[in-house]
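Asks: Quick one: this structure, given as structure tokens, is what I'll be asking you about.
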Amino acid sequence: MTEALSAKHPRLARLTRICLALPEVSRRDSGDYATFMVRKRVFAYFLNNHHGDGIVSVACKALPGDNTELARAQPDRFYLPAYVGPRGWVALRLDAGEVDWDEATELVTVSYRLTAPKTLVAKIRPR
């Protein structure tokens, strides 16, 4: 983990703890964003001002249709991120008031389950 990036973004530090609690997860930093992977497959991004949008968020894969439904029902909290939104991803804003970390954990876990091999998914402990 790049300490400088996490120190600059305390919400990234919390998100990192959530993601790294899942089996075989790694993090790669690039500028002001971080990529979370399981066996080299991306399941979440921490985005900070992605393409100048001014938003801090976590982007994850979602169940079919859930991404558009969340963005439609709660546009102040969820949106479809550039490039990956049309492919079933949704982003939860981390800069719009109090963050519901249980909800963020659920989004990350669902995305992990959709990405990771079944043998690793079976290792996830129930909350």
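Asks: Within the range 85-103, restricting attention to residues that are aliphatic (A, V, I, L, M) and touching a Cys at 6+ places or on another chain (Cβ under 8 Å), which residue is farthest from residue 15 (Cα to Cα)? Let's see the steps before the verdict.
Replies: Initial filter on the range 85-103 (aliphatic (A, V, I, L, M)): 90-92, 94, 96, 99.
Add one more test, that the residue is touching a Cys at 6+ places or on another chain (Cβ under 8 Å), and what stays is 90-92.
Working: 90: 16, 91: 13, 92: 12 Å.
For the range 85-103, the residue satisfying everything is 90.
Asks: Scan the range 22-46 for residues that are of a type in the set (Ser, Thr, Tyr) and open to solvent by 40 Å² or more (accessible area, probe 1.4 Å) and jot them down. Can you show your working first?
Replies: Looking only at the range 22-46, we keep the residues that are of a type in the set (Ser, Thr, Tyr), and these are 26, 30, 33, 35, 45.
Residues satisfying the conditions are 26, 30, 33, 45.
Asks: Can you work out which of the residues in the range 98-127 that are in contact (Cβ under 8 Å) with a residue 40 or more places away in the chain and part of a loop (DSSP other than H, G, I, E, B) is surrounded by the fewest Cβ atoms within 10 Å (Cβ to Cβ)? Please lay out each step first, then the result.
Replies: We begin by selecting, within the range 98-127, every residue in contact (Cβ under 8 Å) with a residue 40 or more places away in the chain; these are 99, 101, 104-105, 107-112, 114-117, 120, 123-124.
Then keep just the ones that are part of a loop (DSSP other than H, G, I, E, B); that gives 99, 116-117, 123-124.
Working: 99: 18, 116: 22, 117: 12, 123: 10, 124: 14.
Selected residue: 123.
Asks: Considering only residues that are surrounded by fewer than 21 Cβ atoms within 10 Å (Cβ to Cβ) and under 15 Å from the mean Cα position of the chain (by Cα), look in the range 57-66 and name the one that is farthest from residue 90 (Cα to Cα). Walk me through it before giving the result.
Replies: Filtering the range 57-66 down to residues surrounded by fewer than 21 Cβ atoms within 10 Å (Cβ to Cβ) leaves 63-66.
Then drop every residue that is not under 15 Å from the mean Cα position of the chain (by Cα), which leaves 63, 66.
Details: 63: 10, 66: 8 Å.
The selected residue is 63.
The values are calculated or read from the model by the stated rules, or taken from the named source; none is laboratory data. Since the model is a prediction, treat every value here as computed from it, not as a measurement. Here the Cβ is made from the backbone with ideal geometry for all residues, glycine too, and neighbour counts use every protein chain on show. The protein model used for the area step is the full one, side chains on, heavy atoms only, and it has no ligands, DNA or RNA in it. Shrake-Rupley method; radii C 1.70, N 1.55, O 1.52, S 1.80 Å.
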